1. Give all pairs with beta carbons closer than 9 Å in which a residue from the range 74-101 that is over 12 Å from Ile116 (Cβ atoms) and open to solvent by 50 Å² or more (accessible area, probe 1.4 Å) meets a residue that is hydroxyl-bearing (Ser, Thr, Tyr) and modelled with pLDDT of 85 or more; count only pairs at least 6 apart in sequence or on separate chains.
2. Counting only residues that are of a type in the set (D, E, K, R), surrounded by 14 or more Cβ atoms within 10 Å (Cβ to Cβ) and more than 18 Å from Ser72 (Cβ to Cβ), which one in the range 21-34 is modelled with the lowest pLDDT?
3. Hey, can you tell me all the residues within the range 6-42 that are under 23 Å from Asn114 (Cβ atoms), basic (Lys, Arg), in a loop (DSSP other than H, G, I, E, B) and without any contact (Cβ under 8 Å) to a residue 40 or more places away in the chain?
4. For residues that are of a type in the set (Gly, Ala, Ser) and buried (at least 17 other Cβ atoms within 10 Å of the Cβ), scanning just the range 35-52, find the one that is nearest to Leu13 (Cα to Cα).
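The values are calculated or read from the model by the stated rules, or taken from the named source; none is laboratory data. Predicted model, so just to flag it, every value in this text is computed and none were measured. As a convention, Cβ positions derive from the backbone with ideal geometry for all residues, glycine included, and neighbour counts pool all protein chains shown. These area figures cover heavy atoms from the full protein model, side chains too; ligands, DNA and RNA do not enter into them. Shrake-Rupley method; radii C 1.70, N 1.55, O 1.52, S 1.80 Å.
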Amino acid sequence: MLSFVTSKDEQTLAIEVEGKMTKEDLEKFDNVVFDKFRNDEKFSVYAVIGDIDTPSAGAIFEELAIDAKRWSQYNKLAVVSEKDWLTKITGVIDKLPGVQVKHFPLDQMEQAWNWIKEG
């Protein structure tokens, strides 16, 4: 489940993810992005990832479709989680052009916000 939480930066969406991400969650995210940033304005995402279900292949493809549609709008993605496998994924995504991605442990939430807000 995806929940929007209070952001410390007007150009950043702050979310928490717990359990299973649904198609409705992805559509809700896409709709909020469109409402706030339309189809051309840059934005960042601050994501706190809790205990999540391993996504199905179908869910991964749906998420990739939304991400691909918005890819040119992403500025930074701060992933805050204790999940070691997310460190590897964020490292791979960070190598893709156009977006900066960094993983932070839960005890570095403030550092994640500071990173998002710098430049």
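1. Matching pairs, first to second residue: Thr87/Ser81; Gly98/Tyr74.
2. Quick first cut of the range 21-34, residues of a type in the set (D, E, K, R) only: 23-25, 27-28, 30.
Still in the running and surrounded by 14 or more Cβ atoms within 10 Å (Cβ to Cβ): 25, 28, 30.
Still in the running and more than 18 Å from Ser72 (Cβ to Cβ): 25, 28.
Details: Asp25: 86, Lys28: 91.
Among them, the one singled out is Asp25.
3. Lys42
4. The first filter runs over the range 35-52 and keeps only residues of a type in the set (Gly, Ala, Ser), leaving 44, 47, 50.
Filter once more, keeping what is buried (at least 17 other Cβ atoms within 10 Å of the Cβ): 44, 47.
Working: Ser44: 6, Ala47: 8 Å.
Among them, the one singled out is Ser44.
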